[in-house]
Structures are given as C-alpha cells and as structure tokens.
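K.L.:
Submitted below is the structure of interest, expressed as structure tokens.
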Amino acid sequence: MRIGVFVCQCGTNIASTVETEAVAREALQHPDVVYATSYMYTCSEPGQQQIQRAIQEENLQGVVVAACSPRMHEPTFRRAVEKAGLNRFMFEMANIREHVSWISNDRQANTRKAAELVHMAVAKLRFNHPLSPSRVAINKRVLVIGGGVAGIQAALDCAEGGLEVVLVERQPSIGGKMAKLDKTFPTIDCSSCILGPKMVDVAQKENIRLYACSEVESVAGYIGNFSVQIRRKATCVDWNLCTGCGLCMEKCPAKKVPDHFNEDLGNTRAIGIPFPQAIPKKATIDKEHCRQFTRGKCGVCKKICPVGAIDYEMEDEFISEDFGAIIVATGFDLFDHSSYGEYGGGRFPDVISGLQYERILSASGPFGGHIQRPSDGRQPRNIVFIACVGSRDASVDRPYCSGVCCMYIAKQAILTRDHLPDSNCYVFYMDIRSPGKNYDEFVRRAQEEYGVNYIRGRVGKIYPKNNHLIVQGADTLLGAQVEVEADLVVLATGVEASAGARELAEKLRISYDQYGFYMESHPKLRPVETNTAGVYLAGVCQGPKDIPSSVAQGSAAAAKVQALFSRDTIETSPQVALVNERACVACGKCIQVCPFGAIQWKELRGGIQKAEVLPSVCQGCGLCNATCPPKAVQLQHCTDNQILAEIDVLCA
Amino acid sequence: MNSDLRSELHKKAEQAWPDLELLIGWQAGYDDLHTTPVFIRDSAEISKLIWNPWCTQNLAVYVAKHFAASSGKDDKKIGVCVKGCDSRSLIALLQENLVARERFYIIGMPCKGIVDLRKLHALSGAARILSVQVNAEQVALKSAAGVLHFPLDEVLMRKCRRCRYPNPLIHDVLVGDPLTPRTDAHEAYNDVAAIERLSLQERLAFWQGELDRCLRCYACRNACPLCVCQDRCIAETRDPKWLTQYMHLPEKFMFHFIHALHLAGRCTECGECERVCPMEIPVALIKEALNKITLELLDFEAGLDPQRVPPLLTFDAGETGI
Amino acid sequence: MKRRIAYYQGCSLEGLAIEYDTSTRAVCEALDVELVEIPDWSCCGSTPAHSHDALLSAVLAGRNLAIAESTGCELAMTPCPGCLKSLKGALQAFHNQSERDVFLEILAMPFTGHIKAISILQLLYEIIGVDEISRRVIRPLNDLVLAPYYGCLLSRPAQFAEFDDPENPISMDELLVGAGAKLVDFPYKTECCGATYGVTRNQIVARLTGRILDMAAGLGAQAIVVACPLCQQNLDLRQSQVNRYWKRRFDIPVVYITQLLGLALGLEPEQLAWDKLFVEPDWPLTAPAVERDHLEKAQS
Amino acid sequence: MTQSHDNPAHKQALTIVGFLCNWCSYGGADTAGVCRFKQPTDLRIIRVPCTGRMDPLFIARSLILGADGVLVSGCHPKDCHYAVGNLYARRRLEVLKRMLPFMGIDGDRFRYTWVSASEGQRWQQVVTEFSEQIRSLGPNPGVTGKSAAAATA
C-alpha cells in the first residue's frame, strides 16, 4: 500500500506545541509511507487540494491526516480523498489537536505523542479495505405517536405533502393538553377555537389514519423500514358503528365517575365522549366505573344505543403497520403537587393545579366558565397563584424551568380579573421568565393594566383558617413576611415527562435524560432528530416548551421526514459487522447479544447453519465482534487486526 | 461392586439401545490403569463398556464438537455416559444452546472419584506399577518394589477432593444408586486461594515458570468440552492474527488468556485441560480463578441450571458495584 | 420482654423541663421500657458548642453515645429534640468517611457507631407502637380536645430526622387519638415558636407563640401538646408575656405528650409532675379509671 | 493546572493505551481538549465505536506486551449510544480486572470508567489520576522479565 501522511499545523493551534515537520519526517520511516508533509491548514481548500494532488502524483492508496478530532473533520477529508478517486474508507485520522496540542505545552512530549498517533493511524490504515454503502428502499409512510398539538401539526404537514400518515393517540380523543386550555397566551385567543379546526382536519384528511385509544406495543426495524405493532385498546364500543350521538352518555346510570378531561373537578358517566369537540367523536366505556363491569349487570347503554355499537366482550386488538419514519410527540404530564406538604400535599380542595384552573376558566369546564371554589362553589375573592411548583426545585428532583408557567399564570390572572373585576390576584414568583414575542409585554399588562399583585418570593406554608386559606410567604423585595387570606390557591404546577415516556423510549431505542425527556441528536443543530435514525421528536416530549414552539417542532419534524422521503432509497453505513462464514462455528452468541436483532441464522447447503448480519439493521457497535470466540464476526473498519495493529505500535 | 454396576450399565444400555444410533462410553485401555472412550454403533459391542475409578475422560467433549449439528436418523439419539462433573459440561452446553437436549440419551454414573495416575506414579516412585486394587477406602498398589497401601483420597484427582456433585445433575437413566456428597470436601477454591496468597511478583514468577514449559500443543483446548471453536481457534488463525508462531512467553501467556477468558463464566471445572497437558502445567487453575470471580461478582456457576444464561452473554442494567 | 434503652436526659430536663423527664421515666416504666441512664453523661454539644465548632459538638455528643454503647444498648433515646439533633450529628460525623478519623482521634474512646439515636416520640410511635399503647390505656382522655404541636426539629430536616412527615407530622396525633383524645386540625403543627429568641429578643417569641396560641384557642383546643422543652417553655412560661404583648388573655395549658399519655396509662398526676406547669389545666386530670376488661370489650 | 506534566525532568516514558468509545468518552476527551484542560501526555487513545466492542483480550494483550497502563472509557451505564453495549462491557472488564492479579499482572494497571461527551473536566481528572497511578507503579515488566522481582526492584 502507498500511504501519504499530512500533518496539519492548524495555524498555531497544533504547530505551537507540536513540531509538525518532525512528525511528518518520522512518518516516512513507517512501512508503506511514501509521502509525508506538513501544512498550515489541511482542512482548507488548498490543503485538500494538496492531498488530492499527492494522491494523483504519488499514486497514493491510503491517506492519513494528523489534525483535529475525527469527530470534527473526518467527513470533510473522506469527501476530499473520494474526489481524488480513493475509497473514502482508505483514510485515517490522527487526533493531534484535541488530544495533544491543546492539552499539554510540553513540546517534546507532544511531538513524540503526535508521531506515535500518526504511526498508529498508519498501522491501522494498512489493514483498511475499501467499503461501499448499500442502499435500501424507503417505505414512505410515517407514524406519528401522540395527538397533541405537536403531533397534529406534524401529521397535517406530512399529509399535506402527500405522505401516508398514521396517528396513534393513547386517549380516546386527540387534542392533548391544549384541548384542555381555556385561552392561550399572549393573545388570549380561545384554545379550542384555534385547535379545533386542526383536529377536524386530521379527521378529514384522507391520508391520515387515526388510531385513538391506542398505544405503540413494539417497534422493530430501522430507518426506512420500521415495523410497528399497535395495540388498539378495547373501548367496548364498535367505532365503525358509533355515530357519536351521545345517547348512551345521557342514560348511563353511573353518574359519579371522575371526569379526567376536567382534571377530576367534576363527574361524568362511565360511557361517553370526553368533550364535545372530541376527535374521533366516538364513545368509550370506562371499565373501572361501568356497572356492567363492576357489578356484572346493567346493560343500559347496550339497550339504548340506536346502532347496536356496544360490545362488552371487546378485547384489545393488535395491528401491525410498516413505516419509513416515526415522529414522537408524546407530550407531557403535569407535576403532581401532593409532594409539597407545605402546600397541603393535596389535602385542601381549594389548592388546585394550573390545569385544573384552566378547566374552571373554560366555558366548557365543570362550572361552565364561572370561577368558583371546588370545595363549596363559592366565588373566590382573593386568588393566589404560586409559581415554580415542581419546577426549579431540586428538592423534588425538578431542577429545570418548565418554561410556560410564568406565562400561564399571567394569563390566568388576567382572565380572573376579567371575569371577576372585584377579585384580588396575587402571584408569588421566583423570577419571571417571559422571553417570547409579546410575552414580557403581556406580563407587564397583567401587572399594570390588570392590577395583579406580583410578590417576589416563595410561599412557605398554606393552611386553612375560617373557610379561607392562609398563604404565608416571603416578599424578598421588601424583605418581609407576607400573609394572604386566600379563597383559592392555584399552583403553577410544572411540566414533567409523560407517564410511560421511558418505556416508549426503550421500544424506540431513543435516549432520554434523567427526567424522562427525550434526547435530541444535538442540542442546537439537530433539535428534532434522535440518535436513532428515522425517529424524530416534536413538542414537550423533548423538553418543556410552549404551543408555538411545539407547533414549530411538529412542522420541523415533518420537514425532516419529507426530506428523508424525497429519496427512494437510503445509504446505509458500511461500518457494520460481517461474518466470515468459514470461521463461524454457529455458536449463536452474536445473535444472543446483538442489541438490534441484526444477526440471524442463515442455512447453507446441507443444513449447515451460520450467522448472518443484516447490514441495514446493524448499527456497528461491535458487541458481536467482541463476543464471537473464533472472531468470525468482524466489525468493518474496526476489525481485530486494525485494533491489534494499533496496540502493537504502542506495546510491541 | 464395580462388576455389579458394570452389568447394570450393560443392562440399561441394552434397554436403551433401540432408541440409539450411537453410544459413547468408556472401555478398557492398554492396561488396567487406562481407559479409553468407546463409540458403540452395534449393540454387540455394549459388553465393551466399563465403569471404574479410572474412567477419567469427560465424554461430553464429543457432544458439542462432533455431534451437535448432526441430526439423527429416525429420531434416534446419541447415548453418552457422564459422571457428575461431566454432566455439568452438558448443562453448560445446553445453557448456550450448543446442543439440543432431545438429541441425547444421558446415562448418569454416580461417581466416588477418579484416580489421578500422576499421583499414583508419584507414590510408587521409580518402581513400575504392576497392578492396583481399589476398594471403598483403600488403594493397594503393587509394584516391582512391593505392595503399598494408601487411603483412596490420597490418589484421587484434585477435582474429586472438592467434588460437590457426585451424582449427574442431568440424566435419562442412572446406573447405581445416587451417592451422598462427601462432607469433607475441600473448599472449592483452595488451590486458587493458595496462589492468591503469593505476592504479585511471586505469582508472575510462578506463571512464568509454568507457562514457559507450554508447547502450544493445544491439547488443553482440544480436551475442553466447551472449546467449540475447534480448528477456528484464534490462537491459530491468520485473520485475525492474534498470535504469532513465535515461541516466547508473551505468546504463551496470550494463548492461555484466550483459552481462559473464552471460558469465563462457562467452565465447569472438569479438569480435562490440566489432565491432558503433557507438560503438567496447572492450566485449570486459571479457569478456577475466573470461576471464583464470576461466582463472587455475578453469583454464577456454570453447568448447574440449564435455564440460566452465562453471565458474560447477558447484562443487568440495575447491577451496581461494577 | 422488657426493652433496654439508653437514656440521655440532657440539661433542659434537669431544670425547667423536669416534668418532661419525670413523665418520660414514668411512662417508660409503665410501658415496660427500662431506661438505662447514660453514666456520667455530659453536654450534648448543643448551641454553645455547635455555633462555635461543628466538630466539637459532634465529639461532645459522641462521648455520650460511646458511653451509651458501653451499656450494651442498641438505642439511645432523648426526649429533647435539640439533644437528638446533636446525637445524630455525632453519628453523621462518624459515618462520614472524611470526618471519621479526626472524630475518633479526638473522641479517644472505643466507638462502633452501631447505636441509633431516637426521640421519645420515635420510641413511642415506631418501637412500641400506637396499638400497644392504646391497648394499655386504662383512663382514656375521652373528653379532651387537644392541639398537637411539633415545632421545627422533631421531623425536620427530613433527611436528618428520618421520622414522620416533615410538613404534616402525625405521630403525636395518632398517639393521642390512641389514648382516646380528640384533636383539632391544627395548621400550626410545625410553625416556629421563636426558639432561643426568648432570651435575646422575646418580642419575636411573643409574636410567634401568640399566633400559635391564638390558632389553638380559636380552634377550641383545651391544651397544646408538645414534645420539646423549648416549645413548652416559650408557650407555657411566656404565656403571660404573650398576653401582655397581644393584650389577650390566653389561658391554654401546654403539656408534654408524656404527661398526657401517663394519665391515660393510669399514672397519677404527681408521678407526672403536673404541678410544674405554669398554666394549669382547668379540666380534671383524672377522670375515673375504666376497668381494663371493660375497656377491651369496648374496643373490640 | 500545575506545570509538573510539562517539566521534562519529571518524565519517564510511559505507555498508556486508552480505548474510548466514539460517542461519549472520545467526545469527552475532545471536550477536554477544546477547553484546554491540561493533562499528562502518556495516554494514546484508540477510538472504538462502543465499549461493547472491547474484547478483554485486547487489554490482556496490551499488558502482556508491556503497556504500562490500559484505560477503557465509555458512556455512562444506561446512556450507551447502542443502549446496552457498556452493560455487557462492564461485566467483562471487571472480570478481567480481577483476573489480572491472579496471573501476576497488577490490576491497578487497568482501569475502566464512564465519561460522557460533555464531561471534559471529568476526563481531565480521570487521565490525570490514572497517569499518576501508573507513574507510581512504574514501568510494567510485562511477562517476559527474567525475574519479575528484579524488574520491579
């Protein structure tokens, strides 16, 4: 092999503590190295041209660049050598900047280390082989998991582009948390008026298939070719027949069923449609409270249903669908404030969560939009809002800012003052976080125009006294203790990862942070991708955010899918495992350990079994290679021989 | 007593024969002190089968290496005779799905211990051994120098002195009654502990001395029932090239690291590697040391429960301390 | 079986809070608990020590625990929450790898750190248990309406106290209910009593304890029940100061949990040092004892 | 940082082989470089995709051949880019670590650890500590030394 070595000076980044000329000179000593030089900026256009010229003139078959981290410029140089006619895998990098010049000022030691790293790269390169990617066809269907506003937006944008979309929603209706909101900040427009038409669009788009009351059971496959099993939970109502007339709900005798849509503030029936604008507008039986299930007899809905849709025997159904990409938009849950003992730990009915107050404010809510106390229905006069309940509080393991609470409190206080001009609103806050278009102006309006009393400080204690709630807190600006005799306390409960988020992440093989929010590929530059190719993120499942950001991410994820699907095939990395069938002893250990199910049995003539890697499924981790006793499985571009060559340079 | 058991073995082999295409057992060797494996394909040869304290070979070695992939004609099975320790090798093979249980008919031999020929020779000194009588407790060794008597325990294999499983843990039929495990068994890792008591330098010197004798004949590997790579062993392959043919210490160390680490969490301590070593290197000790580690670290002993997965082929996300 | 528990009395219980000491010993005896007084016990390392040097405080408390260990007891109980905090601080210093060596060096006594420090409430609630105590009640506190007041230290900081709920403790509540009393839903269970400001700035104490007394009175409590000498002192001894400050006429007895349980267990007021209270109860201390058989019948 | 690493007088050529997973620890080492966190210069890093790729034999071979130290570093458990590679690795590496001293090779010459791509400071600390540890152990006699005792004397 004819190898060329190019030592980069990176201006002075490398050259100031490494003698690059000496490194290049020493490289010429190594077997197969026929050309070595040092250059100011190897990654620059002239630097790349120098490599390409040398490939041609010196007839190089392999190139080593000693420069920055391969995580930085490996793709750049691979493209450069490819343009000059070499296979892009006939290239190796020695990291002499991040791992050498930047971590020590000892010129002598650095130069020796750089020379050894170059030697290792040369030794490895001598075992490199040209590799070429294979291509697999893309199944141009997309799965959207979660039917909140982010998922709806993603589904609509994909459908608009002509893609076939399947939208899976865990609840009986799409709409997510936004469907429960009364108004939205900072424009005070009605939440269901802006979301409703989008929900209807989802139902009407012919290329969107909606599975409500359904969950993703398992995911197999890889980008372009996912195979997903979906569990359609038994609703006990045949949705093909149900017309959404609501008769069953009217007649159902179980009347004391907690209304989850109204955050348990009111009661509903054991069968019914969660809210009037629900999509799909189909009834569902709540088995936990339905008398047919709890007592074994009732059957009222079955008798009354004009289309005979009720089926108590219905069981969960499993369907399998294939997709080329998956958008995850599973949203969030609200922090459960019962861990705040100082706020009553859930014992006081008039200390409520922010979402409960949304339902109270909503005209379709439990009190028809009249603000009243859950305990006695009395109209409150003094209302206290407490910010950062389950946010920015390490003591409840929620050190992060939920991002939306400052704004929704301001909105709720404004709406309260609007509804009840005689009321007094108090907001206890730590800091006001309002970085958004017209957001800070909105908070100012709450303070200045609507006369909401903002008190900077934490609340230490809430206790009932004479049918009031005494809110004890600190005003850190005045340096004084304050007490407010409140009638209603609204806790600005923060955002936390949706229940089941971790389990779904395991199925999708995407990573999540310690709080259960999904990890994007890069916090700045790849915000909607995950580390699993073909799986994208939208909305709060990735981290707290408001409606505009969720919608933007939904659209962004859709755009990513459209870009992926604009091609018919995708290239798969050739850095995958490969079985040498002659060496394989069919012990099956590689199949056992592969995290991706990428290795399977292959039967040769005569019934002889061998392991076989599916290159499009293999992610290239090399676990099989490490496990295989006769080393019949070799991870391409990181083979045993390549690693051994590097070790031998150092140790032999 | 041995003759009773031998006729019982013959009787049970005859009974099983209609379902068998092959029966692997022991037969007499070139003298009374040696036995050799026998592969019976004709019922007339069943009479060749013997059972005595010289039946040292672990016949499980043939199971995975030669017959795992073969499929039986007319659903006929392969019969194999196993001692308690040998049965653990079979279970280890089952744990890794290297053999199918239904392919084999296992004849279990409760075993009181196998005589270590090397110990006999050491005891007889230079004198040629003429004959040896073994009864329940005693060994009578007749050599040119006269008759010597020893307690049986003194001439048993190292593994037998710490045997906890005299009865096969898996079998289709048992020859003789199950035995009570010995109550005076040596601690499982006595011999490992003896090495561990040495200083680091002494240990290195010990292994340098022992492994320097290694010829890289690979007998230890070939006798191992769990070394299933056979001639694809990376000690000999060129691609990947883990070892050169150069006969120096690092290559010898490396070979024994390969052999031992490939058996980590798998070795059932049948001791065959050490028995067959022509240079009498205590190579089994390395595997025993690894077994001690996997037991302490991962609470695993190979070859006991066919359902358990060897610990290095699986993981536990919740485990701590490593 | 008689339980043997090392007893650390502490300085408060020798003086102002002697009724706490008397009643604790009496109740423990009635409950078959043998209190082994720590021989030659010394200062627990409270305020004067810990405000000067945490290590000094830890070693002072450690000395008492080391002696307690030598008595063979596995638990050391102290009724005073301040002492409890000091004793736990010693154990914390011992179990902290970086502090242990210097701690032991200064201590210069054998110490294994196996002993556990608990409060009287923990002894009654967790070790003896509400069930056993209520089984032994022969004079139920039938008509009494009580406000249980825990103060700051008994259940907090949570990771230090490792006992009861930090914001809404219930151990004393359950013990009192088990003894037959009625409770008010007392929102000031864990409010501040002013603590040692009683000495330096007693107006603060007057203001804070006034709120507690006001709440208890407003809810109709006939007594406030406490388990801390400092709380008791601020609420009881200083009640007249509070009355002057607020221009009120509070007249609420502030009693130790052990005094009330003692009555319920059939002990006489003299055995429980009821006469040491400043605000005397206006209700009879000894309702007629109920026959044990009769009580058990009623309970079953 | 002290300048001691930069003083050639303190130097004694050591060979420390590092096996770093591409996703976390290699990135962590890059981060340390970008932040200019000064480190000893004895470490030579071999990039592998995942610690799951690490056959313990690579480490055994390095130490048998005379590497003075071997450092393996990967993603934190449960943060593996390939989900579970490091969970397999930690068992295999720990078994090796405990086996080495039985064969007369100092287990302290081998360390495995978990450093994420953002933990540049932690990487600096790991490299510094490990290099100092190896420095205090001195050169590895390997397995060829005529007498092990003489080699360490």
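Nothing in this text is a laboratory measurement; each read-out follows from the coordinates by a stated rule. Bear in mind the structure is a predicted one, so any value in this text is a computation, not a measurement. Cβ atoms come from the backbone with ideal geometry, glycine included; neighbour counts cover every protein chain shown.
K.L.:
With only alpha-carbon atoms in the gyration tensor, what are the semi-axes of the equivalent ellipsoid for region C:158-300, in Å, largest first? Walk me through the numbers on the way to the answer.
P.N.:
Details: eigenvalues 161, 70, 37 Å².
They are 28, 19, 14 Å, listed largest first.
K.L.:
In a Debye calculation with equal point scatterers on the alpha-carbon sites of region B:165-253 and no solvent, what is log10 I(q)/I(0) at q = 0.13, 0.17 Å⁻¹?
P.N.:
The Debye formula, applied to the Cα set alone, gives -0.77, -0.97.
K.L.:
Also, I was wondering about something else. Which of the aspartates and glutamates could a cross-linker span from D:Lys97 if the Cα-Cα distance has to be under 14 Å and same-chain partners fewer than 8 positions apart are dropped?
P.N.:
Within the straight-line cut-off, D:Lys97 pairs with B:Glu296, D:Asp55, D:Asp106, D:Asp108.
K.L.:
With 18 Å as the cut-off, how large is the P(r) tail for region C:3-120, expressed as percent of Cα-Cα pairs? Intermediate results must be reported in sequence, preceding the final value.
P.N.:
Values: 3204 of 6903 pairs.
Summing the P(r) of region C:3-120 above 18 Å gives 46 percent of all pairs.
K.L.:
To continue, here is another question. Leaving out same-chain residues fewer than 8 places away, which aspartates and glutamates sit with a Cα under 14 Å from that of A:Lys180?
P.N.:
Those aspartates and glutamates meeting the cut-off are A:Asp189, A:Asp259, A:Glu263, A:Asp264, A:Asp333, A:Glu358.
K.L.:
Which percent of Cα-Cα pairs in region A:232-347 sits in each 10 Å bin, short to long?
P.N.:
With 10 Å bins starting at 0, P(r) equals 12, 35, 28, 19, 6, 0.
K.L.:
Placing +1 on the Cβ of each Lys and Arg and -1 on the Cβ of each Asp and Glu in region A:507-652, which of A:Phe596, A:Tyr512, A:Leu525 has its Cα farthest towards the positive end of the resulting dipole?
P.N.:
A:Phe596
K.L.:
Can you divide the C-alpha Rg of chain B by 2.2 N^0.38 Å and report the result to two decimal places? Write down the numbers at each step before the final one.
P.N.:
On the way: Rg = 20.4 Å, N = 322, 2.2 N^0.38 = 19.7 Å.
Dividing the Cα Rg of chain B by 2.2 N^0.38 Å gives 1.03.
K.L.:
Could you check how many percent of all C-alpha pairs in region A:93-245 are farther apart than 28 Å? Mind showing how you got there, number by number?
P.N.:
Working: 5851 of 11628 pairs.
Summing the P(r) tail past 28 Å for region A:93-245 gives 50 percent.
K.L.:
At a Cα cut-off below 16 Å, give the lysines reachable from B:Lys252, other chains included and same-chain residues fewer than 8 away excluded.
P.N.:
Leaving aside lysines fewer than 8 places away in the same chain, those within reach of B:Lys252 are B:Lys241, B:Lys287, D:Lys146.
K.L.:
Find, to one decimal place in angstroms, the Kirkwood hydrodynamic radius of chain C, where the mean of 1/r is taken over every pair of different Cα atoms and then inverted.
P.N.:
19.7
K.L.:
How large is the charge dipole for region A:333-496, taken about the Cα centre, if only the Cβ atoms of Lys, Arg (+1) and Asp, Glu (-1) carry charge, to the nearest 20 debye? List each step's numbers first, then the result.
P.N.:
Working: 17 positive and 20 negative charges, 12 e Å.
Dipole about the Cα centre, nearest 20: 60 debye.
K.L.:
Less than 14 Å Cβ to Cβ from A:Ala137, Lys/Arg counted +1 and Asp/Glu -1: what total charge do the surrounding residues give?
P.N.:
+1
K.L.:
A:Gln379 to A:Glu342: extension gain in nm, 0.36 nm per residue of separation minus the Cα-Cα distance? Write out the running numbers ahead of the final one.
P.N.:
Working: separation 37, 0.36 × 37 = 13.32 nm, distance 2.46 nm.
This chain segment gains 10.9 nm when fully extended.
K.L.:
Something else now. Arrange the following residues from fewest to most other Cβ atoms within 10 Å of their Cβ: B:Lys12, A:Lys297.
P.N.:
On the way: B:Lys12 19, A:Lys297 7.
Going from least to most buried by this count: A:Lys297, B:Lys12.
K.L.:
Okay, moving on. Please compare each pair in B:Lys77/B:Lys292; B:Lys11/B:Lys65; B:Lys83/B:Lys159 to a cut-off of 24 Å on the Cα-Cα distance and tell me which ones are over it. Please report the intermediate quantities before stating the final value.
P.N.:
Numbers: B:Lys77/B:Lys292 35 Å; B:Lys11/B:Lys65 28 Å; B:Lys83/B:Lys159 12 Å.
Distance filter (> 24 Å) returns B:Lys77/B:Lys292; B:Lys11/B:Lys65.
K.L.:
Turning to a different aspect of this structure: Please work out the ratio of the alpha-carbon Rg of the protein assembly as shown to 2.2 N^0.38 Å and round it to two decimals. Please report the intermediate quantities before stating the final value.
P.N.:
Details: Rg = 39.7 Å, N = 1427, 2.2 N^0.38 = 34.8 Å.
Ratio of Cα Rg to 2.2 N^0.38 Å: 1.14.
K.L.:
Please list, by residue number, every one of the trypsin sites (Lys or Arg not before Pro) in region A:520-618 that is coil in DSSP and has at most 13 other beta-carbon atoms within 10 Å. Spell out each step's value before the answer.
P.N.:
Working: sites: A:Lys524, A:Lys545, A:Lys560, A:Arg567, A:Arg582, A:Lys589, A:Lys602, A:Arg605, A:Lys610; in loops: A:Lys524, A:Lys545, A:Arg567, A:Arg582.
Loop-located and lightly packed - A:Lys524, A:Arg567, A:Arg582.
K.L.:
When the scattering of region A:333-496 is computed by the Debye formula from its Cα atoms alone, each counted once and equally, what is log10 I(q)/I(0) at q = 0.13, 0.15, 0.17, 0.19 Å⁻¹?
P.N.:
Results for region A:333-496 at q = 0.13, 0.15, 0.17, 0.19 Å⁻¹ read -0.56, -0.76, -1.01, -1.31.
K.L.:
So, one more: Suppose each label sits 7 Å from its Cα in the direction of the beta carbon; what would the A:Lys465-C:Thr286 distance come out to in nanometres?
P.N.:
Going by the 7 Å Cα→Cβ label model, 4.0 nm.
K.L.:
Another one. Sort C:Ser86, B:Ser131, B:Ser143, A:Ser38 so the one with the fewest other Cβ atoms within 10 Å of its own Cβ comes first. Provide the component values of the computation, followed by the final result.
P.N.:
Numbers: C:Ser86 28, B:Ser131 12, B:Ser143 19, A:Ser38 22.
Ranking C:Ser86, B:Ser131, B:Ser143, A:Ser38 by Cβ neighbours within 10 Å, fewest first, gives B:Ser131, B:Ser143, A:Ser38, C:Ser86.
K.L.:
Using the charge dipole of the protein assembly as shown (Lys, Arg: +1 at Cβ; Asp, Glu: -1 at Cβ; taken about the Cα centre), state which of C:Trp41, A:Gln356, B:Phe206 has its Cα farthest towards the positive end.
P.N.:
Farthest towards the positive end: B:Phe206.
K.L.:
I've got another one for you. Amide H of A:Ala486: which non-local residues (sequence gap of 5 or more, or other chain) have their own amide H closer than 5 Å, using H built in the peptide plane?
P.N.:
Here A:Leu469, A:Ile470, A:Val471 satisfy the definition.
K.L.:
Here is a further query. For region D:26-135, which GluC sites (Glu not before Pro) are in a loop by DSSP, counting at most 15 other Cβ atoms within 10 Å? Don't jump to the answer; show the numbers that get you there.
P.N.:
Values: sites: D:Glu94, D:Glu119, D:Glu129, D:Glu132; in loops: D:Glu119.
Counting only loop positions with at most 15 other Cβ atoms within 10 Å, none of the GluC sites (Glu not before Pro) in region D:26-135 qualifies.
K.L.:
So, how do all the Cα-to-Cα distances of region A:3-125 break down into 5 Å bins, in percent, from 0 on up?
P.N.:
2, 14, 25, 27, 19, 9, 3, 0
K.L.:
If you don't mind, there's one more thing I want to ask. How do A:Cys628, C:Cys43 line up, fewest other C-beta atoms within 10 Å first? It would help to have the intermediate numbers written out before the result.
P.N.:
Details: A:Cys628 26, C:Cys43 16.
With the fewest neighbours first, A:Cys628, C:Cys43 line up as C:Cys43, A:Cys628.
K.L.:
No solvent, one uniform scatterer per C-alpha: report log10 I(q)/I(0) for region A:577-635 via the Debye equation at q = 0.14, 0.21, 0.25, 0.29 1/Å, two decimals.
P.N.:
-0.30, -0.68, -0.96, -1.28
K.L.:
Can you tell me the Rg and the Dmax, both Å, for the Cα atoms in chain A?
P.N.:
Values for chain A (Cα only, Rg and Dmax): 31.4, 94 Å.
K.L.:
What Kirkwood Rh does region A:431-505 have if only Cα atoms enter the pairwise 1/r average? Answer in Å.
P.N.:
On the way: mean 1/r = 0.0652 Å⁻¹.
Here the Kirkwood hydrodynamic radius works out to 15.3 Å.
K.L.:
Then there is this: Which value, in debye to the nearest 20, describes the size of the charge dipole of the protein assembly as shown about its Cα centre when Lys and Arg Cβ atoms bear +1, Asp and Glu Cβ atoms bear -1, and nothing else is charged?
P.N.:
On the way: 152 positive and 162 negative charges, 571 e Å.
In debye, rounded to 20, the protein assembly as shown gives about 2740.
K.L.:
Counting other Cβ atoms within 10 Å, which trypsin sites (Lys or Arg not before Pro) in region A:217-296 have at most 13 and lie in a DSSP loop?
P.N.:
On the way: sites: A:Arg231, A:Arg232, A:Lys233, A:Lys251, A:Lys255, A:Lys256, A:Arg269, A:Lys281, A:Lys282, A:Lys287, A:Arg291, A:Arg295; in loops: A:Lys233, A:Lys255, A:Lys256, A:Arg269, A:Lys281, A:Lys282, A:Lys287, A:Arg295.
For trypsin sites (Lys or Arg not before Pro) across region A:217-296 that sit outside H, G, I, E and B with at most 13 neighbouring Cβ atoms in 10 Å, the list reads A:Lys255, A:Lys256, A:Arg295.
K.L.:
Same structure again: Starting at the first residue of region D:23-38, write each ³J(HN,Hα) from the Karplus equation 6.51 cos²θ - 1.76 cosθ + 1.60 with θ = phi - 60°, in whole Hz, x for Gly and Pro.
P.N.:
8, 9, 5, 4, x, x, 5, 4, 4, 4, x, 4, 7, 6, 6, 5
K.L.:
When the dipole is taken about the Cα centre of region A:162-237, and only Lys, Arg (+1) and Asp, Glu (-1) are charged at their Cβ, what size is it in debye, to the nearest 20?
P.N.:
Details: 10 positive and 8 negative charges, 42 e Å.
With only Lys, Arg, Asp and Glu charged at Cβ, the dipole is about 200 debye.
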